[in-house]
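J.: First, the structure itself, so that you have it in front of you.
The values are calculated or read from the model by the stated rules, or taken from the named source; none is laboratory data. Given the structure is predicted, the values throughout are model-derived calculations rather than measurements. Note: ideal-geometry Cβ built from the backbone for every residue, glycine included; neighbour counts use all protein chains shown. SASA here: full protein model, heavy atoms, side chains in, ligands and nucleic acids out. Shrake-Rupley method; radii C 1.70, N 1.55, O 1.52, S 1.80 Å.
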Amino acid sequence: MNKIFRINMSDMTSKVESVPAEWAGLGGRGLTSTIVAAEVPPRCHPLGPNNKLVFAPGLLTGTPAAQSGRLSAGAKSPLTGTIKESNAGGTAAQQLARMGIKAIVIEGMPSEDKWYRLHVTLDGISIEPADELVGKQNFAVMDQLMDKFGPKIGILTIGVPGELRMCAANISVKDPDQKIRSHGRGGLGAVMGSKKIKCITIDDSGGGKVPIADPDKFRTAAKIFAKSLLDHPVSGEGLPTYGTNILINILNEAGGLPTKNFRYGQCEHHEKISGETMHETIVARGGKHKHGCHAGCIIQCSQVYVDEAGIYVTSGFEYETIWGLGANAMIENLDDIAKCDNIMDDIGIDSIEGAVLLATAMEAGVIPWGDGKECLRVLRDEIGKGTPLGRILGNGTASVGKAYGLVRVPVVKGQGIPAYDPRSVKGIGVTYATSTMGADHTAGYTIATNILKVGGYIDPLKKEGQVELSRNLQIATAAVDSTGMCVFIAFPALDIPESFTALIDLINAAYGLSLTADDVTELGKKILKIEHDFNKGAGFTNQDDRLPEFFTYEPIPPHNAVWDFTDEEIDEFWNF
Amino acid sequence: MKITVKLFAGFRENRFKVAERELADGCTIAGVLSDLGISEPELGVALINGRHVTLDQVLSDGETVSLFPKVGGG
Ligand code: SF4
């Protein structure tokens with residue numbers, strides 16, 4: 001991967017550059033965050049001409065290493081005002097890597113009200129008119145583009161909420177089954193919309209193999225790595241059988257399943273929305289309980305959820321979405337939840353922000369609690385069409401809270417808090433508070449150690465050890481997010497020493513390097529510090545590394561836990 | 001003593017979701033597993049009344065035990 005493309009939407013130019021030496025060892029999040037921090041003024045308006053939208057495949061993307069096909073997207077986030085990286089599966093990352101493209105940097109914005117499509121080929125990137133696609137949602141855009149270019153075309157696209165620059169808008173990525181994966185969090189779809197780019201098409205004809213410096217060493221490491229993924233019970237068996245939704249019952253039993261907009265830690269109808277029920281339903285109806293978001297995924301945590309007639313409803317049906325709609329918004333019917341998931345893919349909004357904002361809208365009295373049918377309507381006809389109500393909702397949880405004068409508004413730095421209550425799972429609360437991305441569970445997934453007993457055990461209800469746990473995981477995750485690997489490689493990496501060593505060997509073999517585990521940790525630290533410095537430049541201080549106040553005075557049953565960290569305790573996080 | 005046992009994920013296969021079991025006084029989590037024919041390495045997480053416990057935890061009459069194999073998500 002030796003090319004960086006710069007697309008300037010102000011003067012409509014497309015340039016190719018070679019990769020500067022200091023960026024050569026970076027990929028994925030490490031590269032998007034480095035470019036954003038170096039080139040985007042931290043105080044710029046995220047929807048203005050000075051923000052940049054950067055796409056980068058990971059360091060190992062396009063190689064035969066399992067799980068390595070994730071694409072990072074980065075920019076200043078309109079939802080949080082912080083730096084943002086969001087990674088997704090789909091076909092685009094591997095296509096770009098095989099075309100030798102290390103990053104695409106989209107700058108400026110057009111002065112005219114016209115829409116464009118970027119077309120990526122081995123000859124370069126051209127800026128094409130896309131007015132005929134405006135007003136269409138993602139599946140219609142993808143159908144039209146596949147009619148034109150054939151089924152293999154790679155696609156990144158935004159729906160109407162992205163065109164309207166709503167802060168919950170995501171960027172959708174076509175997957176190998178012509179369905180959708182998402183750069184979900186942080187409103188990156190609005191940044192793409194602000195630059196008047198409706199979609200990006202990738203024709204990788206003529207693309208070669210990603211060069212590997214030491215193929216024998218790579219093959220050996222790839223085998224050990226793949227074996228560790230299959231040997232570990234979570235990645236080898238749990239995830240492909242039940243998907244991530246197995247967490248509903250375990251969080252419910254542990255009292256950490258936020259229910260009815262974070263009022264309770266357990267949900268009475270948990271069994272109806274559980275991973276076990278979902279698995280049985282999928283198997284009985286002839287769907288697929290395991291499925292990958294990109295070629296080369298051997299864990300296969302995804303699934304294809306079908307209706308009673310066996311017809312596709314949704315795929316990539318994640319725990320966080322099901323929690324948000326099922327427990328937090330109290331929708332008991334899994335079919336309704338699946339339809340909402342599909343509509344969120346179609347209109348292109350983050351399914352975590354979408355679910356959290358719907359529960360907040362219920363808190364506001366805009367939608368009755370548990371009314372799945374009304375949620376479907378609101379998603380399709382209000383947010384999907386950009387009505388005034390749709391824009392209040394589509395700008396995210398914080399926007400809904402403000403518009404309706406609510407206090408129980410679960411956000412950190414403006415981003416909706418996902419599926420684990422910070423009062424009863426305290427490590428994840430530290431991650432929500434300190435992450436450079438706003439409330440983001442994947443940034444430092446302490447659930448592994450607090451709840452699942454992977455990588456040791458730290459009591460989720462006690463404060464001891466949580467800051468250190470979150471810090472270590474956030475550092476490791478920043479590094480892993482740079483490789484193009486999906487985050488679930490962490491389960492074997494935390495428990496099986498050869499797994500992590502094999503991952504480092506893969507990078508060394510691919511690039512002819514001799515990195516050690518310490519070098520990888522240093523990379524993770526460096527990325528976090530670059531991101532943190534950007535946020536400080538944007539005006540954030542340690543006073544923003546805090547959870548919403550209601551967590552400190554509303555105890556959550558069954559443990560009646562409150563958020564009880566002092567400011568000083570949280571601020572210890574950045575001592576590294 | 002009477003103990004309520006809740007099973008999850010693969011532990012449910014050929015067993016049950018929830019059942020009341022009659023166990024000897026002083027029975028531990030390890031004892032519950034052997035009563036159910038589950039080997040110790042298969043256990044991911046055991047909770048009593050929503051708190052994580054270890055294999056040697058002694059049960060008291062009337063408690064609810066939740067048992068999970070090694071599973072995860074994120
Ligand atoms: S395990 Fe899941 S998230 Fe990871 S690459 Fe496979 S399908 Fe995608």
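J.: Residues being closer than 17 Å to residue A:101 by Cα, hydroxyl-bearing (Ser, Thr, Tyr) and either open to solvent by less than 40 Å² (accessible area, probe 1.4 Å) or without any contact (Cβ under 8 Å) to a residue 24 or more places away in the chain (or both): count how many of those fall in region A:6-20.
T.: Selection size over region A:6-20: 1.
J.: Out of the helices (runs of 4 or more DSSP H) lying entirely within region A:208-319, which hold 3 or more residues that are open to solvent by less than 20 Å² (accessible area, probe 1.4 Å), closer than 23 Å to residue A:493 by Cβ and within 16 Å of the ligand (Cβ to nearest atom)?
T.: Where helices (runs of 4 or more DSSP H) fall fully within region A:208-319 and carry at least 3 residues being open to solvent by less than 20 Å² (accessible area, probe 1.4 Å), closer than 23 Å to residue A:493 by Cβ and within 16 Å of the ligand (Cβ to nearest atom), they are A:215-231.
J.: Then there is this: Of all residues in region A:463-479 being under 15 Å from residue A:519 (Cα atoms) and in contact with a helix residue (DSSP H, G or I) (Cβ under 7 Å, 6 or more places away or on another chain), which is nearest to the ligand (Cβ to nearest atom)?
T.: A:477
J.: Is there any pair with a first residue in region A:526-552 that is without any contact (Cβ under 8 Å) to a residue 12 or more places away in the chain and over 20 Å from residue A:568 (Cβ atoms) and a second that is open to solvent by 30 Å² or more (accessible area, probe 1.4 Å) and hydrophobic (A, V, I, L, M, F, W, C) whose Cβ atoms are under 9 Å apart and which are 6 or more apart or on different chains, and what are they?
T.: Listed by first residue and then by second, the contacts come to A:529/A:574; A:529/A:576.
J.: Let me ask something additional. Please go through region B:18-57 and pick out each residue that is open to solvent by 50 Å² or more (accessible area, probe 1.4 Å) and under 15 Å from residue B:69 (Cβ atoms).
T.: Of everything in region B:18-57, those that are open to solvent by 50 Å² or more (accessible area, probe 1.4 Å) and under 15 Å from residue B:69 (Cβ atoms) turn out to be B:37, B:39, B:40, B:41, B:42, B:55.
J.: Suppose we keep only residues that are at the interface with chain A (Cβ under 9 Å from one of its Cβ atoms) and in a strand (DSSP E or B) within region B:65-74. Which one would you say is nearest to residue B:8 (Cα to Cα)?
T.: B:68
J.: Here's something else I'd like to know. Restricting to region B:6-57, and then to whatever is farther than 24 Å from residue A:239 by Cα and either in a strand (DSSP E or B) or in contact with a Pro (Cβ under 7 Å, 6 or more places away or on another chain) (or both), can you tell me which residue is farthest from the other protein chains (Cβ to nearest Cβ)?
T.: Here the residue is B:22.
J.: Related question: Please work out which residue is nearest to the ligand (Cβ to nearest atom), limiting yourself to region A:320-330 and to residues that are among the aliphatic types (A, V, I, L, M) and assigned to a helix (DSSP H, G or I).
T.: A:322
J.: Among (1) at pLDDT below 95; (2) away from chain B (no Cβ under 14 Å), there is one condition residue A:488 misses while meeting the rest; what is its number?
T.: For residue A:488, the exception is condition (2).
J.: Taking only pairs six or more apart or across chains, which ones have beta-carbon atoms under 7 Å, a first residue in region A:300-315 that is closer than 24 Å to residue A:239 by Cβ, and a second residue that is within 16 Å of the ligand (Cβ to nearest atom) and aromatic (Phe, Trp, Tyr)?
T.: A:301/A:488; A:303/A:317; A:305/A:317; A:313/A:305; A:314/A:305; A:315/A:305
J.: Here is a follow-up. Go through region A:512-540 and count every residue that is part of a loop (DSSP other than H, G, I, E, B) and out of contact with any Gly (no Cβ under 9 Å at 6 or more places or on another chain). If you could, list the steps in order and put the result at the bottom.
T.: Looking only at region A:512-540, we keep the residues that are part of a loop (DSSP other than H, G, I, E, B), and these are A:512-516, A:538-540.
Keeping just the survivors that are out of contact with any Gly (no Cβ under 9 Å at 6 or more places or on another chain) gives A:512, A:514, A:516.
So the count comes out to 3.
J.: Would you be able to tell me the number of residues in region A:67-94 that are more than 16 Å from the ligand (Cβ to nearest atom) and outside any strand (DSSP E or B)?
T.: Going through region A:67-94 one residue at a time, the tally reaches 6.
J.: Next question. In region A:112-120, is there at least one residue being open to solvent by less than 10 Å² (accessible area, probe 1.4 Å), in a strand (DSSP E or B) and either within 16 Å of the ligand (Cβ to nearest atom) or within 14 Å of another protein chain (Cβ to nearest Cβ) (or both)?
T.: No; the residues of region A:112-120 include none that is open to solvent by less than 10 Å² (accessible area, probe 1.4 Å), in a strand (DSSP E or B) and either within 16 Å of the ligand (Cβ to nearest atom) or within 14 Å of another protein chain (Cβ to nearest Cβ) (or both).
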